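Trainee: One structure coming up, written as structure tokens, with questions to follow.
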Amino acid sequence: MTIRVRFAPSPTGRIHIGNARTAILNWLFARKAGGEFILRFDDTDRARSRAEFADGISEDLAWLGIAPDIVQHQSKRFALYDAAAEQLKDGGRLYACYETPDELERKRKRQLARGKPPVYDRAGLNLSDEDRAKLEAEGRTPHWRFKLSARAVVFDDLVRGEQSFDLTSVSDPVLIRGDGSYLYTLPSVVDDMDMGVSHVIRGEDHVTNAAVQVDLFEALGGTAPAFAHHSLLTGADGKGLSKRLGSLSIEALRAAGLEAMAVVSHAALVGTSDAIVPHHDMGGLIDSFDLGKLSRAPARFDEAELANLNARLLHETPYSEIAGRLAALGCDAGEAFWLVARQNISKLADISQWHEVTYGEIDPVIAADDLAFVTGAVDALPDGAFDETTWKTWTSAVKESSGRKGKALFMPLRLALTGLDHGPELARLLPLIGRDRAIERLTTGSG
Ligand code: GLU
């Protein structure tokens, strides 16, 4: 069997970290199985779908490292949905209903008042041609419901285990609205069949839809794909992400300067039995991917944890992997600089500060009380080119001559050399600053 999955966003906005997680899980699953990943835009809602959102979602996925094997737009596939609707009508499985929302609401209330479940009474199914003609003469246009089978649907969810739903306890779903537009269900099932989707991996908010969809697959003469419904992401506070979608959009996380692989690592590993550790490429994530590792409990997305993961990823990034991006930032000063400065950044853009501190113009900070000490330290600088032993040799000599030790010894030198009270290891930074700049900085206060 060809393994084929799909990520099916509605292009009515950009994707957020929760949607991206669904895309990443699908992607890893497909890559691990040697299968295909389809990006399917669910854009049948013509009023709300926009081409720029679809383009934006493609860009977001590309940034994350996901290159779809196939891209489809539902808006180009109406002929298939129309044909499926006709097939269902011919088979008596799609029937016209004429109730207004108010009438439906009144029915619901009456059922509840009588202690009955508010399941649609299938009144539409019993209308004669004459009844229908009369209702249409009143100016009503039909919406169309799918007649569910009277049975329990049982399927083995690859995350949640065996799921069983009694279809008699739910209303026949509306597949086509009064204005002729399709709701999500029919186009989704038709496409999953037509595109040979083998596995539907998506959020658990769709798990009840799955039972209805299984019935629809079978009504159309197909068989349902395998399902895996993963738990949804919540914020660190345990609440749904929906209210903070803006700041958690992939576009915003990218603009905030996070590494794509930090976002991917977090999204792929959160809510699984694997530890959340930074991955530099998809390889390791693909190898260790297993739907069975996904927990059924809600997965917590913690921005602080992502920030931390981002920093850890950068701290481990070898020079060869980052040189091009350093050059683009005007901060490529070779491997030694990267290896010492990377420990002090949490986002790549922070590197420019250390580049400036090392090679640029800084304002040395020398307190009046330290002036004589700092100026005196210049005389103790060892001869010859600076290397990683210079700092030790130099500060030992300064300690000896000044009698200072600990912070009183090191901090004034750091403040004079970098203008800051914190930063990368001076033993490794000093050779990069070099003799001339070091002397210039140490003597600024003495002129
Ligand atoms: N467009 C649907 C959504 O974004 C797709 C659901 C599915 O994967 O079937 O929720």
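Trainee: Just checking, does the range 245-259 include any residue being open to solvent by less than 10 Å² (accessible area, probe 1.4 Å), modelled with pLDDT of 95 or more, part of a strand (DSSP E or B) and in contact with a Leu (Cβ under 9 Å, 6 or more places away or on another chain)?
Mentor: No - not one qualifying residue is present in the range 245-259.
Trainee: Report, by residue number, each residue of the range 234-244 that is open to solvent by less than 20 Å² (accessible area, probe 1.4 Å) and at pLDDT 80 or above.
Mentor: First, pick out the residues of the range 234-244 that are open to solvent by less than 20 Å² (accessible area, probe 1.4 Å): 234-235, 241.
THR234, GLY235, listed by residue number.
Trainee: Right, something else. Is it the case that ASP172 is at pLDDT 95 or above, part of a strand (DSSP E or B) and touching a strand residue (DSSP E or B) at 6+ places or on another chain (Cβ under 8 Å)? Explain how you work it out, then say what you get.
Mentor: Numbers: at pLDDT 95 or above: yes; part of a strand (DSSP E or B): no; touching a strand residue (DSSP E or B) at 6+ places or on another chain (Cβ under 8 Å): yes.
Answer is no for this residue.
Trainee: Next question. Filter the range 128-157 for residues that are touching a strand residue (DSSP E or B) at 6+ places or on another chain (Cβ under 7 Å) and in a loop (DSSP other than H, G, I, E, B); which is least open to solvent (accessible area, probe 1.4 Å)? Please lay out each step first, then the result.
Mentor: At the first step, the residues of the range 128-157 found to be touching a strand residue (DSSP E or B) at 6+ places or on another chain (Cβ under 7 Å) are 132, 142-147, 152-157.
Within this subset, residues satisfying the condition of being in a loop (DSSP other than H, G, I, E, B) are 142, 147.
Numbers: PRO142: 25, LYS147: 67 Å².
Of everything passing the filter in the range 128-157, PRO142 is least open to solvent (accessible area, probe 1.4 Å).
Trainee: Which of the residues spanning the range 186-211 are open to solvent by 20 Å² or more (accessible area, probe 1.4 Å), part of a helix (DSSP H, G or I) and more than 9 Å from the ligand (Cβ to nearest atom)?
Mentor: Answer for the range 186-211, where residues must be open to solvent by 20 Å² or more (accessible area, probe 1.4 Å), part of a helix (DSSP H, G or I) and more than 9 Å from the ligand (Cβ to nearest atom): MET193, ASP194, GLU204, THR208.
Trainee: Quickly run through the range 23-40 and pick out the residues that are surrounded by fewer than 19 Cβ atoms within 10 Å (Cβ to Cβ) and among the basic types (Lys, Arg).
Mentor: Step one: filter the range 23-40 for residues surrounded by fewer than 19 Cβ atoms within 10 Å (Cβ to Cβ), giving 32-35.
Passing the criteria: only LYS32.
Trainee: Name the residues in the range 216-232 that are open to solvent by 20 Å² or more (accessible area, probe 1.4 Å) and under 26 Å from GLY284 (Cα atoms), would you?
Mentor: Those that are open to solvent by 20 Å² or more (accessible area, probe 1.4 Å) and under 26 Å from GLY284 (Cα atoms): ALA226, LEU232.
Trainee: If a residue has to be in contact (Cβ under 8 Å) with a residue 40 or more places away in the chain and in a helix (DSSP H, G or I) to count, how many in the range 271-298 make the cut?
Mentor: Here the count works out to 6.
Trainee: Within the range 428-444, identify whether any single residue is farther than 18 Å from ALA333 by Cβ and outside any helix (DSSP H, G or I), and answer yes or no.
Mentor: yes
The values are calculated or read from the model by the stated rules, or taken from the named source; none is laboratory data. Everything numeric in this text was worked out from a predicted model, so none of it was measured. Quick reminder, even Gly has a Cβ in these numbers, built from the backbone with ideal geometry, and neighbours come from all protein chains shown. Areas reflect the complete protein model, heavy atoms only, side chains present, ligands, DNA and RNA absent. Shrake-Rupley method; radii C 1.70, N 1.55, O 1.52, S 1.80 Å.
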